[in-house]
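This report refers to the structure that appears directly beneath it.
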């Protein structure tokens, strides 16, 4: 097992990793080999099923709700794409190595760890070297001095063809969206403002991946890029529907979020436009639908020194966990950085007609980390009280919809239970299980969040009814077998 | 546009590529750049939606039908994984370059192209060089002689971390399944035989990618690996259900497939076991459900000189198109090649208990190319007769479920149509469109396979009914707006 042991993880984190490994949520990739690189994970059957349901919720509550286009693009893109996007020059980490033992460090992180000083995102290498020297920051392993400072590009290079021409694994899914923007705008006959979404893998050669799904080298993003006319970001009638919705905003300089309606936030100038307010509302509502209590969600405004190199206005949607607040969605106003860059580099004009004028659209993005979202949801619903493990996931996010259990492993109960299982399994994610006592089986399915157990007993053989046992209440009811598909659809329905 | 022009493509192929580009099915990745590498494609909104529905069908008709486990693993795996799998040594193409102009050739393909000779899969480099010299095969561009023969490994290397340690993008999705086999077997409490499935990207550095979705460098696979005890491959009661089903088998040496029941194929010894017969039946049935006429499907047995380096018994499921028969699924008996290799390399014991004995499971796989399957389905349903384009996809594979059209673009019809659209769009893939004449709009949606158009007219304002127009018959019926969700579920249902 290649699971990295980190300082500062919580009991909940550890219990969750244990559950994940033992019950098929996720595991380190290449785990049987000692050369398994860190930061790569495989989703097991339960993790993969839960991820599918999470993405279905994202599609429903964001993509379909807002009539977005959704694409699925290549992960390997040409070198020019990343020259234009700025990643070739700017997507770098400051690196140095120990002059004695050769250990490699990310200089900004090492400074923060050793001195408690905050290193702004845009500090240059010389300034960092100066801080290292002034504070005598040294190798944590052997105490050696740092040397060999340079910028390490976090993209993975790919050699194409026999000549190994340069291309790169995308470090963010959105670059396909920008490159394809004009084709999609034309062929899909859109008008500004409109959004394009994409779910898929991105890749970053992190110096020190860690903490399970929270910092991976290969990870899933679900990104939404909203294209708009910057002169008309307040001419946005859709926002009317969310004006009274309370955002949990935490401005720069504040230590806590406060609840404030979109209307009020706009009138106080905390948010730059109706368009931005609307999408911040949508993303916060999405996590509420995923079951995160509102008080554990905040939209934290990023200061000048925290923002990504392309961001004009930036809010991070964060969720509170046992490890602290974790960033799940970067909500960035990327301005015309992307379309402008690709227009210059490719010579392909990216301007479109809006309100009688040719303009280069600006972009507001909701860039979601899928794996870490799953971690936060799992942790949020992991109930370890009274010595039992119950994963209290919303039914529409549960990896298994129902378990079908003969009361005892004996005919005719097993055949009858198998018959019900066969009836349900093409339309639902169901499991059949006849091994162990019924109480033990209930526990087994509570642990992985199965919302209902369907028990076949001797009465079933007489009147074709089964017992439904609900995970959260342990309450039991009796229903007709023929009503199961319809009832299950109701229990599993979106709120 | 980086679309590669190939010799030997058909009119249907060309029409389909045109439709794909103009209507958002797929397009070359990085297409606005001249350094866009060949063999990488982006699915646009319609292609992505159709692919999702195709995968949902795969999940329903294979994964869920057969109670398989489904995982979703990392694409980058350690070097040891591919040492064990044999890909580091054997996943190679024979290459040579022109001594005059430097053009690079895949030697086996060049020989076949220039001489018509068939080059067996396992011929070595010296033998190929001999054939080149004996037949005076030369550079097709300048007539120069070939030189610099070597084996080119088709995996993309990845450098992990600052030290750029070797890892590789997986050339087939199944390696995660083999590496994780024992953990999944134990934690998911399975017994032999059982199957593990995975849908995801694979990567191969093809020398000359071409023909759109048919030979890509980054592509989707949906792979199924069935683990079984080789001594008990006929102890397989599930196969009883398919014994009378007719496979379309084409044995080595035959030029046409013949229809033969599983029972008969087994009794004649054409198929090695009930287990293999069952999975061949499942995969053929899957393509029938996807709408491919049975007479355009065949299971072609591969001879010794065609099989992959790990295959014991191999059948290719092929579908006939305007470009000829295209291989969509490799059905391989991989024997104990994979688990044996990983057991030796990792030291992790892969044997499991079955029938009272410890055995190393064998593997039968159904390795599906998703992109080429989509191509074949699209082409199969592309109807170009009478100067019109109609994409006659089965409703459950159509990228858009329904188009909602106000008869004219005028109030109150537009608001009413928008209201119906808003009602349907979280549960269905629907489009609203009010631009152009109604006939023109019907054509627009016929072209991309939308099975029904819902038209809002003046009568709608009086009695809350709409016209449903069916794509294939152009037949129209009148239904209540309130019945739409229920009716649509019926029209879109799986057969």
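Every number here is computed from the coordinates shown, using simple stated rules; none is lab data. Only a predicted model underlies this, so the values are computations on that prediction, with no experimental measurement involved. In this analysis, Cβ positions are derived from the backbone assuming ideal geometry, glycine residues included, and neighbour counts consider all displayed protein chains.
Worth a mention:
- Using only the C-alpha atoms, the convex hull of segment A:92-153 corresponds to 68 Å³ per residue.
- Nitroxide proxy distance, nm - points 7 Å out along Cα→Cβ at residue B:288 and residue B:11: 3.2
- Computed on the Cα trace of segment B:400-491, the radius of gyration divided by the Kirkwood hydrodynamic radius gives Rg/Rh = 0.91.
- Inter-probe distance in nm under a simple model that places probes 7 Å from Cα toward Cβ, at residue A:443 and residue A:234: 6.2
- Placing a label point 7 Å from Cα along the Cα-to-Cβ direction at residue B:147 gives distances to the equivalent points in the other copies of 4.4 nm, listed shortest first.
- The convex hull of the Cα atoms of the protein assembly as shown, projected and averaged over all directions, covers 43.6 nm².
- Ordering of B:265-277, A:33-45, A:177-189 by burial proxy (mean other Cβ atoms within 10 Å per residue, highest first): A:33-45, A:177-189, B:265-277
- Degrees between helix B:370-381 axis and first principal axis of chain B (Cα, 0 to 90, nearest 10): 50
- Averaged over the residues of peptide A:158-171, the number of Cβ atoms from other protein chains lying within 10 Å of each residue's Cβ is 5.
- Ranked by the mean number of other Cβ atoms within 10 Å per residue, highest first, peptides A:129-136, A:163-170 order as A:163-170, A:129-136.
- Order by protection proxy (mean Cβ within 10 Å, highest first), peptides A:245-256, A:371-382: A:371-382, A:245-256
- Those residues of segment A:159-176 whose amide nitrogen sits under 18 Å from the label point placed on residue B:166, 7 Å along Cα→Cβ: A:159-160, A:164
- Rounded Å value of the spacing that divides the Cα centres of segment B:414-457 and segment A:332-381: 28
- Peptide B:116-126 is shielded by partner chain Cβ atoms: per residue, an average of 0 of them sit within 10 Å of its Cβ.
- Segment A:459-486-segment A:232-251 distance, computed between alpha-carbon centres (Å): 45
- Largest to smallest principal axis extent of the C-alpha atoms in segment B:60-177, angstrom: 54, 44, 23
- Cut-off 17 Å, label 7 Å out along Cα→Cβ of residue A:415, residues of segment A:462-495 by amide N: A:462-464
- Counts of other chain beta carbons within 10 angstrom of each beta carbon in peptide A:55-61 average 1.
- C-alpha long axis of helix A:274-289 to longest principal axis of chain A, angle in °: 30
- Compared with the dominant Cα axis of chain B, that is its longest principal axis, helix B:45-58 is turned about 70°.
- Chain B: calculated mean residue ellipticity at 222 nm from DSSP helix runs of at least 4, using -39500 (n - 2.57): -8500 deg cm²/dmol
- Simple spin-label estimate for residue A:272 and residue B:104 in nanometres, 7 Å along Cα-Cβ: 4.4
- Gain in span if fully extended, residue B:360 to residue B:464, counting 0.36 nm per residue against the direct Cα distance: 30.9 nm
- With Cα atoms defining each centre, segment A:288-313 and segment A:172-231 are spaced 17 Å apart in the structure.
- Inter-copy label distances at residue A:121, using a point 7 Å along Cα-to-Cβ, come to 5.1 nm with the shortest given first.
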